[in-house]
Amino acid sequence: MMRCAVKGGGVGVVGRGERRSSASGTGFSSSRSVVRMPEDRGLCCGVRSRAADLAGVEMGRPNAVAGAVFRSPRYGRVRATAGVDPEDILPDKVQAKSSGNVLPYVGVACLGAILFGYHLGVVNGALEYLSKDLGIAENAVLQGWVVSTTLAGATVGSFTGGALADKLGRTRTFILDAIPLAVGAFLSATAQDVRTMIIGRLLAGVGIGISSALVPLYISEISPTEIRGALGSVNQLFICIGILAALVAGLPLAQNPAWWRTMFGISVVPSILLALGMAVSPESPRWLFQQGKLSQAEAAIKKLYGREKVTEVMYDLKASGQGSNEPDASWFDLFSKRYLKVVSMGAALFLFQQLAGINAVVYYSTSVFRSAGITSDVAASALVSAANVFGTMIASSLMDKQGRKSLLITSFSGMAASMLLLSLSFTWKALAPYSGTLAVVGTVLYVLSFALGAGPVPALLLPEIFASRIRAKAVALSLGMHWICNFFIGLYFLSVVNKFGISTVYLGFASVCALAVLYIAGNIVETKGRSLEEIERALSSPSKADTSRAGAFLVSDE
């Protein structure tokens, strides 16, 4: 095997039997020096060094190669970090092609996303009919509890899911999550009184809260770097599909008022399939490695990517420091100086997502469409759902090409423009003859813009930027922000509209979207094409100089 050595002003290749010595007796000079690597000589063991494209690489002490970046045209960058011998970089590591297939396991995880969307959407069509059967047709408060209890359960579930995922692992938490999902659906379908219905909805809410944090976390940790964006955005796509499935499931209600029980009962089936599928799915190699279960991590890598990728992935895990002796992070660690900034990014993204008005627009879309002459609730909901699914499909195809940050900026900009159009359509007298049409166009464009970035990107980006030690809990915390905002918007939206008017509320949403664009442009890093280990190492650089280089590394496009 050949290995790299730095000598004088260039890069030398040293055989296994040789060792270049210096005054310190190491392969690297112990004195602080600047090594210049000419561009034409930037190849080491068949791997092009990114340092060859820079003015120079600063080497400070033995193993001080933390800033060096080795780039493979096929597999991107491999960072050598302090404490990791460059000798461990194998020439054949970067040439291996994956013979594994992660798609079936991503598909199993997405059953949780389908259930997420289905449980949120199923009550909208069924509420009128179940209210008559359970004797609460005249009680708006109890009807509100049937709807909002799910959101309260989801808030609890999102926080619980993070702790369980860290303690039990991702797949076992999925299996455990199937219990409240299935039991909640069964109780809702068989309820003979409102108390049983509320308990069923609460359990289903806990289940979708756990899955809302767990699905993007698991998908991001098992997805290959080059398609992680596309696979991660599939989570949002399947949430939309779940909402659409709930809409379709409600079509027979007009002919059969008792059909609402079947609508709730249907979701028991994917809950069971989720548990069975996860029983045979591989655990996250990153979680296994962090727990010190190296042989199990290698087995999971082999199952996901093929035998030939084991060395490469295990090297990345070792180089990232995920195998350190640090204990699992506590909830209080998330607010420490070390993690507060990156955790606040995750919370801010979901705060902007919800305060930008997506749920309010969906809640009010039926009234908007009626003002335009579209009297069918099903047609209005179908139009919004179709725009959501179509936009998410476009986002999936662009995620690994355009990048997360650019899609977020484009998305919130489009949402701001759409909200401004909606606001003007209600107040500008010159547009009065076209107000109905403009309101429909504005709503559809808003939902489409949301689906391009603000919808799928936060759940994808968060597991990417959070360090492995805090990933599960930090994702859960951010999703908790999502559910809390969702709950209060649903609770107070109509009251705020009645007090200030829909036009003023929409103008406020437009302002939030504009603020989101400014925040994203100044704070969010680009992560496309980078492995989770590369991102973690870059964002955890200890010094200001290292942080500056890390930011340049993450934002650069190649």
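Sorting Trp331, Trp483 by accessible area (1.4 Å probe), largest first, what list results?
Details: Trp331 85, Trp483 0 Å².
Result of the area sort, largest leading: Trp331, Trp483.
Each semi-axis of the equivalent ellipsoid for the stretch 363-493 is √(5λ) with λ an eigenvalue of the Cα gyration tensor; in descending order they amount to 31, 17, 13 Å. Around the amide H of Lys528, modelled in the peptide plane, lie the amide H atoms of Arg404, all under 5 Å away and 5 or more residues distant in sequence or on another chain. Heavy atoms only, probe 1.4 Å: what % of the accessible area of the stretch 392-454 goes to carbon and sulfur, would you let me know? Carbon plus sulfur share of accessible area: 71 percent. Per the Kirkwood formula applied to alpha carbons, the stretch 441-516 shows a radius of gyration over Rh ratio, Rg over Rh, of 1.05. Scalar couplings 3J(HN,Hα) for the stretch 304-309, obtained by applying the Karplus form with A = 6.51, B = -1.76, C = 1.60 to θ = phi - 60°, are 7, 10, x, 4, 5, 9 Hz; x denotes Gly and Pro. Of the peptides 126-134, 384-392, the order by per-residue mean of other Cβ atoms within 10 Å, starting with the highest, comes out as 384-392, 126-134. The phi-based Karplus calculation (6.51 cos²θ - 1.76 cosθ + 1.60; θ = phi - 60°) puts the 3J(HN,Hα) values of the stretch 114-126 at 4, 5, 3, x, 5, 5, 6, x, 5, 6, 4, x, 8 Hz, whole numbers, x for Gly and Pro. Pair-distance distribution of the stretch 151-267: all C-alpha pairs, bin width 10 Å, starting at 0; shares per bin in whole percent are 14, 36, 33, 14, 3, 0. A simple count of charges around Leu276, restricted to other residues whose Cβ falls under 14 Å of its Cβ and scoring Lys, Arg +1 and Asp, Glu -1, yields 0.
May I ask you to order 436-443, 498-505, 273-280, 346-353 by the average number of other C-beta atoms within 10 Å around their residues, highest value first?
Values: 436-443: 19.9, 498-505: 14.6, 273-280: 18.0, 346-353: 22.4.
Ranking, from highest mean packing down: 346-353, 436-443, 273-280, 498-505.
Using the average count of surrounding beta-carbon atoms within 10 Å as a protection proxy, the listed peptides 106-117, 413-424 rank, highest first, as 106-117, 413-424.
Give me the accessible area per residue for the stretch 151-200, probe 1.4 Å, as a whole number in Å².
38
Computed from Cα atoms alone, the Kirkwood hydrodynamic radius reported for the stretch 118-220 is 13.9 Å. The residues Asp316, Asp193, sorted by heavy-atom accessible surface at 1.4 Å with ligands and nucleic acids left out, run Asp193, Asp316 from largest to smallest. The HN-Hα couplings worked out from phi for the stretch 264-279 by the Karplus form 6.51 cos²θ - 1.76 cosθ + 1.60 (θ = phi - 60°) are 6, x, 4, 6, 5, 4, x, 5, 5, 5, 4, 5, 5, x, 6, 5 Hz, whole numbers, x standing for Gly and Pro.
The values are calculated or read from the model by the stated rules, or taken from the named source; none is laboratory data. Just so it is clear, the model here is predicted, and its values are computed rather than measured. Every residue, glycine as well, gets a Cβ built from its backbone with ideal geometry; the counts of neighbours run over all protein chains shown. Remember, those area values only see protein heavy atoms, side chains included, never the ligands or the DNA or RNA. Shrake-Rupley method; radii C 1.70, N 1.55, O 1.52, S 1.80 Å.
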